[in-house]
Structures are given as structure tokens and as C-alpha cells.
Amino acid sequence: MIRNDLDLDITDCLARVRQQDQEAARSLVDFLYPTVIQIVRGNLPRRAAEEDLAQEIFVKMFAKLDQFEGQVPMQHWVSRIAVNHCLNAIRAQKSRPEWRMADLSEPQSELLDALATTPGQDQHPAQLLAARELVDQLFEVLSPEDRLLMRWLEMEERSVEEVRQLTGWSSAAIRVRAFRARRKLNRLFSQLRKEGQL
Amino acid sequence: MNQLDPDLKRLLKWAKVESPPKSTEAPFGFSGRVWASRKPAQSPTLFQELQSTAWGFSCAALALIVCGAIVLISQRPSAPPTGEFSSALGFLVSNFTP
């Protein structure tokens with residue numbers, strides 16, 4: 001029997017869901033929703049509603065439920081479905097723009113200057129917003145997989161092992177991909193700064 | 001392992017600072033919508049059952065034909081009864097030809 005923090009008996013719950021028990025399905029969705037919505041929010045395609053994407057992931061999960069053999073925790077199994085679904089949705093947009101300094105808004109350009117000059121920790125809310133937008137733009141140059149890795153490894157500071165469990169990718173593949181993604185981001189970032197200094 | 005540019009790292013740190021943390025609880029009615037929009041496992045239709053049965057029969061028939069062909073090929077043709085035939089021919093020639 002697999003038990004978790006919320007005291008949901010996954011094995012029993014799955015058995016009841018397979019017998020079309022709606023109440024069990026509701027418990028399962030409520031239990032897995034935080035895992036799924038965090039992945040969706042971190043990997044949301046532009047102009048997509050997070051709730052719609054989460055709903056599609058859960059529908060897919062119910063369709064594949066017979067394939068779950070319990071070899072990995074339920075959260076990991078569902079997170080892999082969520083990751084693949086989000087990456088496919090991002091890939092479907094087929095948009096990988098190359099950013100130039102001229103494409104950046106004024107707050108974003110000022111932010112780049114501020115990065116080099118202000119070492120302080122407390123930032124103005126407008127700067128934080130500009131930082132989020134700038135990071136989103138920088139990440140758009142990366143492939144969906146690299147974007148996810150940079151978000152999890154560099155922003156959320158998750159370990160390679162944690163990423164491996166959530167994605168099902170091998171540790172070696174994660175390291176190689178992360179290496180290339182960092183190199184690409186560094187190159188783009190230094191290019192933006194050089195253009196800003198001209 | 002390579003590292004990110006320190007300024008870029010700082011930018012990511014700033015970007016990470018969330019305004020108000022968003023709720024991670026499923027919105028009201030979400031699970032009901034998921035349950036309603038899922039595709040239930042369908043039982044095979046009569047046509048699908050017939051199709052699978054026909055496929056089984058085809059495979060069995062093919063296996064039978066292949067086995068028969070192997071048996072036929074493996075049987076060596078016996079030598080023609082030349083001696084008996086030539087004596088019968090001799091009998092016919094000597095008795096019935098003018």
C-alpha cells in the first residue's frame with residue numbers, strides 16, 4: 001500500500017477509479033493537482049490557460065491509468081505526463097525568436113544596466129517584473145526541454161536527481177543538455193550586453 | 001559543469017521572486033470537469049470482434065498452407081518404375097502392333 005502526506009491510499013484509490021468511482025477520481029485529482037499545476041505554471045505556452053492545460057493533462061492521465069504499474073510514485077508518473085504535454089504544447093507554437101537589444105523594452109534595457117551596477121538585494125517591484133519578462137524572453141530562445149531544465153535547475157535550484165525523477169530523462173542527458181543550455185544562455189546574455197554598450 | 005554568468009544568475013534570482021504565491025488547490029468543479037471530459041474505455045464493437053476473429057482465421061489458414069508446402073517439398077519423388085513400364089510397353093508392341 002502506498003500512503004502519502006494527505007493520507008490518500010493511492011492503491012485503493014486507483015482501484016476505485018478503475019471501477020468508475022467518481023469520488024475516488026475527485027480525490028486523486030485533488031491530490032495530484034499541486035504537482036501538475038506547478039509544472040504547468042513553469043512551462044506554460046504563450047496565450048494558453050493554465051487550467052485548460054492542467055485539465056488536458058488529467059484527461060490524458062485517466063486515459064493512460066491502466067499503464068500505471070506502480071514502479072514509480074504516482075506523482076512522478078503524472079509529472080512525466082505533465083512535462084511531456086507541456087513541452088509538446090510549447091513545441092507546437094514553433095516560435096524561437098532571436099532577441100536583440102533593440103527588441104527589449106526600456107525597463108528591460110535599464111534592468112540589464114542595473115545588473116552590472118547595483119549589487120543590492122532589494123529590487124523595485126517594476127524591476128522584478130522586468131526581470132521576469134526578460135528571463136521569459138531569454139528562455140524563448142531555448143528549446144522547450146532546455147527551458148524546463150534551466151527553470152528547474154537554475155531558478156528553482158532542484159537537483160539533477162529530482163529532475164530525473166520528474167522527467168524520466170537520464171542523469172547524463174540532463175547534464176549534457178543543461179551544459180549546452182547554459183552555454184547558449186551565456187552567449188546570448190553577453191551578446192545583449194555588448195549591444196547595450198554600443 | 002559550466003556555470004551561468006553571475007549577472008545572468010542574479011537576473012534569474014530576481015525573476016524568481018514571486019509577487020503573491022498562487023494557490024495550488026484545484027479550483028471548484030475542476031475534478032468534475034476532468035471526469036466529464038475523459039474518454040471512458042470502450043468495449044470492442046461487433047465489427048472489431050469480427051475483424052480480430054477473421055485475422056485469427058487468416059493466420060491459422062496461412063500457417064496450414066505453409067506447413068503443407070513444407071511437407072510436400074520435404075517428400076522426395078520416388079524413382080519412376082522404368083522396368084515395369086518398359087516390359088508393359090514391350091508386351092503392347094509385340095502383341096498389338098501389326
Problem - Solvent-accessible area of A:Glu106 with every protein chain in place, 1.4 Å probe, in Å² to the nearest 10 - result: 130 Å²
Problem - Accessible area (Å², 1.4 Å probe, nearest 10) - B:Lys13 - result: 120 Å²
Handout entry: MRE, 222 nm, helices only [DSSP H, n ≥ 4, -39500 (n - 2.57), over chain A, to nearest 500]
Key = -22000 deg cm²/dmol
Exercise for the section: Measure off 7 Å from each Cα along the Cα-to-Cβ vector at A:Gln93 and B:Gln48, then give the distance between these two points in nanometres to one decimal. Expected result: 3.6 nm
Completion exercise
Put A:Thr35, A:Thr167 in order of accessible area, largest first, probe 1.4 Å, and you get A:Thr35, A:Thr167
Problem - Computed over chain A: relative contact order in percent, which uses C-alpha pairs under 8 Å that are six or more apart - result: 18 percent
Exercise for the section: Taking 7 Å along the Cα-to-C-beta vector as the label spot, tell me the B:Lys9-B:Phe91 distance in nanometres, rounded to one decimal. Expected result: 11.0 nm
Practice task
Determine the equivalent ellipsoid of chain A by diagonalising the alpha-carbon gyration tensor, then write out the semi-axes as square roots of 5 times the eigenvalues, largest first, rounded to whole Å.
Solution key: 38, 17, 16
Problem - Highest-MSF residue in chain A out of A:Leu115, A:Leu148, A:Leu185 [GNM, Cα springs under 10 Å] - result: A:Leu115
Exercise for the section: Provide the solvent-accessible area of A:Met61, counting protein heavy atoms only and rolling a 1.4 Å probe, rounded to the nearest 10 Å². Expected result: 0 Å²
Practice task
Give A:Lys60/B:Lys9; A:Lys60/B:Lys22; A:Lys60/B:Lys16; A:Lys64/B:Lys22; A:Lys64/B:Lys9 a once-over and call out the pairs whose C-alpha atoms are over 32 Å from each other.
Solution key: A:Lys60/B:Lys9; A:Lys64/B:Lys9
Fill in the blank from the handout: Heavy-atom accessible area with a 1.4 angstrom probe orders B:Ile73, A:Ile81, most exposed first, as B:Ile73, A:Ile81
Practice task
Could you run the Karplus curve 6.51 cos²θ - 1.76 cosθ + 1.60 with θ = phi - 60° over region B:22-35 and give me ³J(HN,Hα) per residue in whole Hz, x for Gly and Pro?
Solution key: 7, 5, 10, 8, 5, x, 4, x, 5, 4, x, 5, 4, 4
Problem - Computed FRET value (nearest 0.05) for A:Glu162 with B:Trp55, which takes r as the C-beta separation and R₀ as 41 Å - result: 0.35
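The values are calculated or read from the model by the stated rules, or taken from the named source; none is laboratory data. Quick caveat: nothing in here was measured; it's all calculated off a predicted structure. Cβ atoms come from the backbone with ideal geometry, glycine included; neighbour counts cover every protein chain shown. Heads up: the accessible areas ignore ligands, DNA and RNA and are worked out on the full protein's heavy atoms, side chains in. Shrake-Rupley method; radii C 1.70, N 1.55, O 1.52, S 1.80 Å.
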